[in-house]
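The values are calculated or read from the model by the stated rules, or taken from the named source; none is laboratory data. On a predicted model such as this, the values are computed, not experimentally measured, just so you know. Note that each Cβ is placed from the backbone with ideal geometry, even for glycine, and that neighbours are counted across all protein chains shown. All accessible areas refer to the heavy atoms of the entire protein, side chains included, with ligands and DNA or RNA removed. Shrake-Rupley method; radii C 1.70, N 1.55, O 1.52, S 1.80 Å.
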Amino acid sequence: MGYMNELEEMAMKLSSEEIEILRIIEENHKISVESIALMVESSEEQVRKTLKKLEDEKIIMSYPTLIDWSKVEGQENVIAMIDVKVTPKRGVGFDEVAKRIARFPEVSSLYLMSGAYDLSITIEGKSMNQIATFVSEKLSTIDNVISTTTHFMLKKYKHDGVLFTSGDDQDRRMVVSP
Amino acid sequence: MMQDYTRYVSQTGKDLKPSGIRKFFDLAASMEGVISLGVGEPDFITPWNIREAAIVSLEQGYTSYTANAGLLELRQEISTYLEKRFGVEYDSNNQIIVTIGASQGLDLAFRAILNRGDEVLIVEPAFVSYGPLVSLAGGTPIPVSTSPANGFKVTPEQIEQAITEKTKAVLLCSPNNPTGSTLTKEELTEIAKIIKKHDLLVISDEIYAELSYDEVFTSFAAIEGMYERTILLNGFSKGFAMTGWRLGFVAAPKPLTEVMLKIHQYTTMCAPHMLQHGAVEALRNTYHEVEAMKRSYRRRRNYVVQTLNQMGLECHTPGGAFYVFPSIRSTGLSSEQFAEQLLLEEKVAVVPGNVFGESGEGYVRCSYATSMPQLQEALKRMQHFIESRKLVKN
Ligand SMILES: Cc1ncc(COP(=O)(O)O)c(C=O)c1O
């Protein structure tokens, strides 16, 4: 199999301070540069420089916000995960077809997988109908796509490390203790 | 008819002083919207794998007593942990007892070694339980004050000055509650010389061992010649975020463990069975989470220390635990006045330093085991408190 072609992107060596800054903003990107500087015992200027470098290197890819749209009336989305089998193309493997699929705005994530199928796609739409249309008209008509299996998501319990239902975020401690 | 209970209450019970923290707790608990920097425990919830292991244990029906010293499986894990992490070897068969927190370990240690009138040197500022526990065991607590000039680290001279022919043991706590001070291997080695010279024991409270930020933590038992003289106390409360589980352990030379085990079996029988299964999991599979918590505390420490210093509340950089101990002398207020007024006016709770001993007067303990947004807000309020009253005089 040609998996290695797709996996060969180089990882970059960072200093422990740079890694620490990444961990801090991964938790909360709204934190001020001033606070970050204090936390890593560095200067604001240095932190700004580091952030710029990490953005330029595309190690920091973007600063998204995790929103629970299901709580907003009229904004609830239908989400589906689709397993896709693909015939890889000579010379370019899975990359070409994956990149094509990824460009559709309905596609919110796309991964190359080991195992029974090749691509794992997450689609968001307004209705089941809209997603079904996308699968039948856009996805399965692509050359090299052999088959698709669509799973509709019923409920989110955890997303990107954030629990949607738990009491873990409550502070149950007494106000003062030894 | 109201009974007059005073005639029933023991003299020991009457003599025991209420903790200074209690008063403050009552005040803070009666108010709303308080941000507390007064909490002596992690803001993390116990990692899920540990909670899960205890749930599974309950599901499988582990609801009986265990061996008095604790599950052998857990003692073996503790033994491995102590050896791998701190380089000290204890036999899981007869040198380790699983206790109800380090708190019970302290009680066992004092009861096992003290005769009436024996003195225990307590390095202050200190955790509030030490003195009362020494007294309850019939001993006499002797405070040894440390100095802020030395970052509240005790020196061999300070210890030696307090030694009398009645001195039996020295209580050391590093990283320290409330000051966060952490003794280096070299500093411990110097202290060890005094311990040996005067033929003393050390009760080493190592409950914050996992939370040492700048130096590799050194157990007192690992100092040359001190293994034979150390009662080592540790537990799961702080490093593993398991305060409510009430699980700790004591490790010591066999003749001392034997005595402690006798006391333990009569007073306690054993620690809770299902929770001990959680502790086994904690020691086996929680390394990465413990490291992540430690990194998080370290960041917050850096933030708080610098911010307090910037606003004129001087403090040293504590090497461990999750407390900073800033001086509030520049405000002209006493520790209690400062803490009370800050609470009433700005709704920020800190603990007045004097509850940890006389040498804590002029200081307050701020715990940074609180989320960054809360910390930021609390420090903003403290700044406002100081500025609005032009408290800091230069
Ligand atoms: C220095 C020190 N020793 C012991 C304890 C008690 O710990 P445990 O929960 O294991 O009883 C604490 C808790 O605050 C502490 O700060």
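Observations on the structure shown:
- Close pairs (8 angstrom Cβ cut-off, 6 or more residues apart or separate chains): among the β-branched types (V, I, T) in the range B:115-134, within 10 Å of the ligand (Cβ to nearest atom) and open to solvent by 20 Å² or more (accessible area, probe 1.4 Å) anywhere: B:V128/A:P178
- B:F338 vs. criteria among the aromatic types (F, W, Y) and more than 19 Å from B:F25 (Cβ to Cβ): no
- Taken over the range B:290-314, the residue count meeting the criterion of being hydrophobic (A, V, I, L, M, F, W, C), more than 18 Å from A:E20 (Cβ to Cβ) and within 14 Å of another protein chain (Cβ to nearest Cβ) is 2.
- Filter result for B:A192 (surrounded by fewer than 24 Cβ atoms within 10 Å (Cβ to Cβ), over 28 Å from B:T243 (Cα atoms) and away from the ligand (no atom under 16 Å from the Cβ)): yes
- Counting only helices (runs of 4 or more DSSP H) that sit completely within the range B:1-75, those holding 2 or more residues that are within 14 Å of chain A (Cβ to nearest Cβ) correspond to B:20-29, B:48-59.
- Failed criterion for A:L163 (all others in (1) at pLDDT below 90; (2) closer than 30 Å to B:G40 by Cβ; (3) in contact with a strand residue (DSSP E or B) (Cβ under 9 Å, 6 or more places away or on another chain); (4) surrounded by 12 or more Cβ atoms within 10 Å (Cβ to Cβ) hold): (3)
- If only residues of the range B:315-334 that are among the aromatic types (F, W, Y) and within 13 Å of chain A (Cβ to nearest Cβ) are counted, the one that is surrounded by the fewest Cβ atoms within 10 Å (Cβ to Cβ) is B:Y323.
- Residue check for B:I223: more than 14 Å from the ligand (Cβ to nearest atom) and surrounded by 17 or more Cβ atoms within 10 Å (Cβ to Cβ): yes
- Within the range B:335-360, the residues that satisfy the criterion of being surrounded by fewer than 21 Cβ atoms within 10 Å (Cβ to Cβ) and within 24 Å of B:S145 (Cα to Cα) are B:E336, B:Q337, B:N354, B:E358.
- Residues of the range B:17-47 that turn out to be away from the ligand (no atom under 16 Å from the Cβ) and either surrounded by 13 or more Cβ atoms within 10 Å (Cβ to Cβ) or under 21 Å from B:L375 (Cβ atoms) (or both), as a count: 10
- Only listed residue being open to solvent by 20 Å² or more (accessible area, probe 1.4 Å), among the aliphatic types (A, V, I, L, M) and under 24 Å from B:H277 (Cβ atoms), chosen from B:L108, B:L71, B:L133, B:L82: B:L71
- For the range B:234-269, the candidate set comprises residues that are open to solvent by less than 30 Å² (accessible area, probe 1.4 Å) and more than 16 Å from the ligand (Cβ to nearest atom); within that set, the residue that is nearest to the other protein chains (Cβ to nearest Cβ) is B:A252.
- Residue match in the range B:361-384 (condition: open to solvent by 50 Å² or more (accessible area, probe 1.4 Å), out of contact with any strand residue (DSSP E or B) (no Cβ under 9 Å at 6 or more places or on another chain) and under 23 Å from B:F217 (Cα atoms)): no
- Against the test of being under 28 Å from B:V170 (Cα atoms), within 16 Å of the ligand (Cβ to nearest atom) and in contact with a Lys or Arg (Cβ under 7 Å, 6 or more places away or on another chain), the options B:I207, B:I231 yield a single qualifying residue, B:I207.
- Flag for A:E137 being open to solvent by 60 Å² or more (accessible area, probe 1.4 Å), among the acidic types (D, E) and closer than 15 Å to A:V78 by Cβ: no
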